[in-house]
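Following: one structure in structure tokens, then a few remarks.
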């Protein structure tokens, strides 16, 4: 077969505010790939089916800073960005994967990829016959973030009040449902009335649009809160600090309100001391080894049975990935953002 | 005996910035007390010998806010403020205390006090014959704060790097010495060269004056840090966030840089997420029941043997208590601030 187009989304420019499609990232069709002839070097050739668009990608669009010993790697300018996805094996030189197998792992944003290291990928059996996109959402990194963070740090007790931000998103919605499965009172915020309606439909006791209703007032009336799942930082974090019960646990998963803006000045930081709060940064890749087996044993069934519901915001084709990245940073997506890169 | 003067320090006005002696608090000599005749209602009459001046007192000089369910009580306007002290019993109607006994607990800022509830006071044996002021410093609430916070949250591991702010103060200096007893590398900051010299003398590996040396630069060179003992908040906290190792523990004990100023805007809050940090508010009164016996068994001996050193900034007479409160807020004290209220 003749070489065919291998579309890619390249990192082109470090953004200062919101990432812009066509500037921060550019979609490139200049590369071709010979699916029959490309050498695999002992690895696999994969056709990428779905790839995930997540808020944290913004954090990797920085200038590299070799003097900083502790930050995660940045994307390389001129190279494809990368994230979690599901691909189907076309050819394999590794006994652990055969053509037709579906593998979950980190892929470059391109139509096809040769991956030398099969051990970094997870073979998905998908006995529940769920859409592959579910494996980058509720059964992927976002679901794992909710599951592992909650298990490790939430320490829920009977009667606890939970506050969840970005509660219609794949992490927030999962947390809302975990908290409700444990019988807790859940306060949840989201950024559109449509999102709020979804959050109510999955069981939140109090759901509100933070753009039209004061988070402080809701928490003052419905709190104090014992558990805060923070996806947004800024003003919501400040309101949570001001309305936290003694000994409350804050699961710091993200601060999307701060990624593209000048930093918000927190007025209530002293609540950490006054109310003996506990704040924990949730990094799924650190927690996952402890919970991976349990997660893949429990969660696909929970999703299949509808115990964990989710909504999905899918775009078709890598050429839309830059737009999807921008939408997620601005909260314009409605549900888990995914790119359907190729049909099976 | 005729009634005598009972000097008191009254809370007079809620401060907006630094508390001012004569305005925020006023020293009052209008009250008298008949030491022989005053009725005890089953309690004790105590002559107060020493009383502690601590940074946290600023937090109780607020307007009362009954709608806030979680904050600590405020001082009452027109009444004496109160804090930890040591007094000697003059008369007693309770079998648990006899004249000449020394009791530790919370006292009003006055020369003499009748305390109905002896059970809230701790009988000090002081077998080491230490100065009574030590029992409001290294062997009092500040030492207990350091001891209990460290034991509960520091989780020290071999090779860890510790950063301590306000390191010449009674809490900070105790933490420096606990960390050195465990063989850890200690970076410590203080606000005058004289304080820095003391911090070096008690073993800090790196000690610097944060007013003349950049905290960020020191931490960047000497870190990353695994444990941060925060007494000051603001810029120091921001530098610690930027230079924290993955999984670092932040013991949030106080934020004195913020008590009398407009809030500082933290630039590095996302480090909590990126580096999976753990921040814990340290409230000694919540932790003390778990560690009290151990503390009073271990620490007086450690102080007597010089394993825990401290410096003391003593003023004589309650009329100076308002000045001492102001000095502590501004970092003008050198060592543990105490008022010697009366000679024995």
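The calculated P(r) of region B:232-284, using every Cα pair and 10 Å bins from 0, goes 25, 54, 20, 1 in percent. Between residue B:95 and residue A:209, the simple spin-label model (points 7 angstrom out along Cα→Cβ) gives 7.0 nm. Using Cα-Cα distances under 8 Å and only pairs 6 or more residues apart, what relative contact order does region A:73-133 have, in percent? Relative contact order of region A:73-133: 31 percent. Taking Cα atoms only, the orientation of helix A:284-304 departs from the longest principal axis of chain A by about 90 degrees.
What average number of partner chain Cβ atoms lie no more than 10 Å from the Cβ of the residues making up A:280-289?
Details: counts 7, 14, 3, 7, 1, 1, 4, 1, 0, 0.
Counting Cβ atoms of other protein chains within 10 Å of each residue's Cβ and averaging gives 4.
Using Cα pairs under 8 angstrom and six or more residues apart, how large is the relative contact order of chain B, in percent? Walk me through the numbers on the way to the answer.
Values: 741 pairs, mean separation 67.8, N = 344.
Relative contact order for chain B comes out at 20 percent.
The stretch between residue B:2 and residue B:40, if pulled fully straight at 0.36 nm per residue, gains 11.9 nm over its current Cα-Cα span.
Look at the stretch B:108-120: the mean tally of other chain Cβ atoms within 10 Å of its residues' Cβ atoms is 0. Against the empirical curve 2.2 N^0.38 Å, the C-alpha radius of gyration of region A:179-271 lands at a ratio of 1.05.
Here is how far apart the residue B:22 label points are across copies: 6.8 nm, shortest first, using a point 7 Å from Cα toward Cβ. Distances between copies of residue A:261, taken at a point 7 Å out from Cα along the Cα→Cβ vector and listed shortest first: 2.4 nm. Helix B:321-330 axis versus longest C-alpha principal axis of chain B: approximately 10°, rounded to the nearest ten.
Considering just Cα atoms, how many Å³ per residue does the convex hull of chain B enclose?
Values: hull volume 48.0 nm³, N = 344.
Hull volume over Cα atoms, normalised by residue count, gives 139 Å³.
Kirkwood hydrodynamic radius, computed over distinct alpha-carbon pairs, for region A:14-141: how many Å, to one decimal? Walk me through the intermediate numbers first.
Values: mean 1/r = 0.0619 Å⁻¹.
About 16.1 Å for region A:14-141.
Pull up the DSSP beta bridges for region B:141-284 and report the antiparallel fraction as a percent, rounded to 5. Display every interim value, and only then the final one.
Details: 0 of 20 bridges.
Antiparallel bridges make up about 0 percent of those DSSP assigns within region B:141-284.
Only helices enter the 222 nm calculation for chain A: every DSSP H run of n ≥ 4 contributes -39,500 (n - 2.57), and dividing by all residues gives -7000 deg cm²/dmol, rounded to 500.
In whole Å, how far is the Cα centre of region B:102-181 from that of region A:1-26? Taking the Cα centre of region A:1-26 as reference, the centre of region B:102-181 is 59 Å away. Take every Cα pair under 8 Å whose residues are at least 6 apart in sequence, average their separation, divide by the length of region A:141-284, and the relative contact order is 23 percent.
Expressed to the nearest 5 percent, the antiparallel share of DSSP beta bridges inside chain A is 55 percent. A Förster radius of 41 Å combined with the Cβ-Cβ distance from residue B:152 to residue B:197 puts the calculated FRET efficiency at roughly 0.85. Using only Cα atoms, locate the centre of region A:297-324 and the centre of region B:228-259, then give the distance between them in Å, rounded to an integer. Answer, in whole Å: 38. Where is the GNM fluctuation largest for chain A (alpha-carbon springs, 10 angstrom cutoff): A:32, A:106, A:215? Result: A:32 has the largest fluctuation of those listed.
Provide a whole-number value for the mean count of partner chain Cβ atoms within 10 Å of the Cβ atoms in peptide B:253-260.
Numbers: counts 2, 2, 5, 0, 0, 3, 1, 0.
Partner Cβ neighbours, averaged per residue: 2.
Within the listed set B:276, B:166, B:138, the Gaussian network model of chain B (springs between alpha-carbon atoms below 10 Å) gives the highest mean-square fluctuation for B:276.
Between residue A:65 and residue A:265, what length comes free when the chain is fully extended (0.36 nm per residue of separation minus the Cα-Cα distance, one decimal in nm)?
On the way: separation 200, 0.36 × 200 = 72.00 nm, distance 2.54 nm.
Result: 69.5 nm gained on full extension.
Restricting attention to region A:94-219, close to 20% of DSSP beta bridges with both partner residues there are antiparallel. Largest GNM mean-square fluctuation among A:298, A:319, A:20, using chain A with Cα springs under 10 Å: A:298.
Only the coordinates and a few stated rules stand behind these numbers; no lab work does. Quick caveat: nothing in here was measured; it's all calculated off a predicted structure. For neighbour counting, all protein chains shown are included, and Cβ atoms are generated from backbone atoms with ideal geometry for every residue, glycine included.
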